[in-house]
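Before I ask anything, here is the structure I am working with.
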Amino acid sequence: MNPIIRRELLELLRTPKAIAAQIALAVACALLVLLRWPASGVSDLGGARSLQVLRVFGYGLLAGILFLVPAFPATSIVRERIKGTLALLLNSPMTPLSIYLGKLGGTLGFTAILLAVTVPAAAACYALGGSSTSGGVAWLYVVLGVATFQITTLALWISSRATSTDFALRTTYGCVLALALLPLAPYWALQGEASDLLDVAAWLRCLSPVPAVMEVLGHAAVGTHGLGDTGGAIGKFVVLALVFGLAFAWATVAQLRGRPLDRSRAAGVMTQDRSTGSQIFRRLFFLVDPQRRSASMPLFVNPVMLKEFRSRKFGRGHWTLRLIALSAILSLGLCTAAAEGAIGWGIEIIGGALVLLQTAILILFTPSLAAGLISTERENGSWQLLRMTPLSTGKILRGKLLSVVWPLLLLLCATLPGYVFLMTIKPELGPQVVRVVVSLGLTAVFAMLVSAAASCLFRTTAVATAAANLALVGLCIGTLLAVIARDAPFGKSTVEAILTVNPVAAALSAAETPGFKDYDLIPLNWYVVGGASAVLLLFVMVRTRRLSRPD
């Protein structure tokens, strides 16, 4: 047996967190089946109830793979480099291919164990009435397994080229989001047109696991503008994902063979040391020159916040401006979609799409930004240096949190022009848009504080990120499944009480999205989420102060 697989997998399985994750997942799946089990021994011969539970399983497990799997492989190789053990591995008798297979096998083995604990519940769901979908339970696990291989190989490739754990995590989660959503856009936009590009777009969208899972669960026609779907997404996804994964595996092994230990970097030339003509050209070409010496730090600026911005690649000025430009482009695209949707789909559906897009970005990116605030410092040993500075614990914590607040504000502003455009089409939407924006703002604050709390609890960034993702996915996505269980077995009041703790459901309700329009969640949801955020902030303050005490 590969010794790295044994080390990676056994170390992970022996931790209390891994045992808790397996038990929680098994119990959650079992309870879901019990809630849907027919009363009085009467079964649903048509398989409708079984299909409902299977869809809950499928989308829930897909969300778990997208949010939880990338955290561990994304830090696997870069953590070895930071600790200095990568050099020992590369100089051992093991080949780079054996090292890579060990890292890959450890992550795939743990994911296989997590999927295995859901098999009994899925079998009970199948026995409840059978599955009438085109793939059934077996194909669902095949698609999820291939998606795990695809995401893991991508994360390991990024980890082999990264120089810090926080950069590896942010880049990996950004690429996973792009992989899951961006391939869907061309096919969605070109539907109904007779062109060769439509066939290319049909193959391109299958690079994402979403169409394959939807086809397995009988939702292949959803989002096709009523034009239907030709099928075949499962086979196309398996082929493309395997090719995609093998390509990144080859690239990672080639990177390891190149002995990426001490990388020489060009010294570069500062803008002030260039000729006068070059300086004038750069002033015209760059709004913020990345090669210009940074100005002195003002006395009123928090030094920890400035340290986070200057040490994080995406916190520096020119990258911030690029993010603003990308947000502006995204806003223009959303405005175009809003204009077309207002004619064919209706304002409510477009508003719900904006809310879902924004909350998906918040839930995905916030843990990658905030879950490493304290854990990365402790993992790298720099927390001791921060404790020896004359800065107070409150100033350190404020600087850390402010370094996350500004990027989140940019993300929130990405879709505001879309809301303005909707208000232009329908001016009476003003109060509704205000409620949506307030709900999204509370979602961002809550997600940031949940991630910061996980960062204070766990020593490693990967575990903190995974814990934050698990908490946010369970609360913001898991509670949405109560809508599916309405009238069987939950009543409207019970579903409304469950959704009260979900800030995403409140935003969807404020936008009057179909399926959530009947629930009155505001302002009670604001009080619940605001109170929970206050408790989390207090916990982060107390925990950070305790970590700052001398050993």
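The values are calculated or read from the model by the stated rules, or taken from the named source; none is laboratory data. Note that the coordinates shown come from a computational prediction; the quantities given were computed from them, not determined experimentally. Glycine gets a Cβ as well: all are built from the backbone with ideal geometry, and neighbour counts include every protein chain shown.
Looking at the structure I just gave you, is residue 400 surrounded by 18 or more Cβ atoms within 10 Å (Cβ to Cβ), more than 23 Å from residue 478 (Cα to Cα) and at pLDDT 75 or above? First the steps, then the outcome.
Numbers: surrounded by 18 or more Cβ atoms within 10 Å (Cβ to Cβ): yes; more than 23 Å from residue 478 (Cα to Cα): yes; at pLDDT 75 or above: yes.
Criteria met by residue 400.
Residues 257, 263, 292: which one is over 26 Å from the mean Cα position of the chain (by Cα), modelled with pLDDT of 65 or more and under 30 Å from residue 94 (Cα atoms)?
Details: 263 fails: modelled with pLDDT of 65 or more; 292 fails: under 30 Å from residue 94 (Cα atoms).
Exactly one residue qualifies, and that residue is 257.
May I pose another question? Of all residues in region 373-388, count the ones that are β-branched (Val, Ile, Thr) and modelled with pLDDT of 85 or more.
1
Can you list the helices (runs of 4 or more DSSP H) found entirely within region 437-551 that contain at least 3 residues being without any contact (Cβ under 8 Å) to a residue 60 or more places away in the chain and touching a helix residue (DSSP H, G or I) at 6+ places or on another chain (Cβ under 7 Å)?
On the way: elements: 461-476, 492-499, 503-510, 524-548.
It comes to 492-499.
Sticking with this one: Scan region 380-405 and report the pairs whose first residue is among the hydroxyl-bearing types (Ser, Thr, Tyr) and whose second residue is part of a helix (DSSP H, G or I) and surrounded by fewer than 18 Cβ atoms within 10 Å (Cβ to Cβ), with Cβ atoms within less than 7 Å and a gap of 6+ or a chain change.
Filtered contacts from region 380-405: 393/545; 393/548.
Also, quick follow-up: Which of the residues that make up region 44-63 are modelled with pLDDT of 70 or more and either closer than 14 Å to residue 367 by Cβ or not in a helix (DSSP H, G or I) (or both)? First the steps, then the outcome.
Narrowing region 44-63 to residues modelled with pLDDT of 70 or more: 54-63.
Within region 44-63, 63 is the sole residue that qualifies.
Moving to a separate point now. Go through region 352-404 and report how many residues are of a type in the set (Val, Ile, Thr), more than 30 Å from residue 512 (Cβ to Cβ) and assigned to a helix (DSSP H, G or I).
First pass over region 352-404, keeping only residues of a type in the set (Val, Ile, Thr): 355, 359, 361, 363, 366, 374, 376, 389, 393, 396, 404.
Then keep just the ones that are more than 30 Å from residue 512 (Cβ to Cβ); that gives 374, 376, 389, 393, 396, 404.
Among the residues that remain, those that are also assigned to a helix (DSSP H, G or I) are: 376, 393, 396, 404.
Looking only at that region, the number is 4.
Same structure again: Out of all the residues in region 405-420, is one or more assigned to a helix (DSSP H, G or I) and under 30 Å from residue 83 (Cβ atoms)?
Yes, region 405-420 has at least one match.
Could you tell me whether region 188-197 includes any residue that is at pLDDT below 85 and under 20 Å from residue 62 (Cβ atoms)? First the steps, then the outcome.
Start the filter on region 188-197 by keeping residues that are at pLDDT below 85, which leaves 188-197.
Still in the running and under 20 Å from residue 62 (Cβ atoms): 188.
Yes: one or more hits.
From the list 506, 497, 511, pick out the single residue that is under 12 Å from residue 479 (Cβ atoms), of a type in the set (A, V, I, L, M) and within 24 Å of the chain's Cα centre (by Cα). Talk me through it step by step, then tell me what you get.
Values: 497 fails: within 24 Å of the chain's Cα centre (by Cα); 511 fails: under 12 Å from residue 479 (Cβ atoms).
On inspection, the qualifying residue turns out to be 506.
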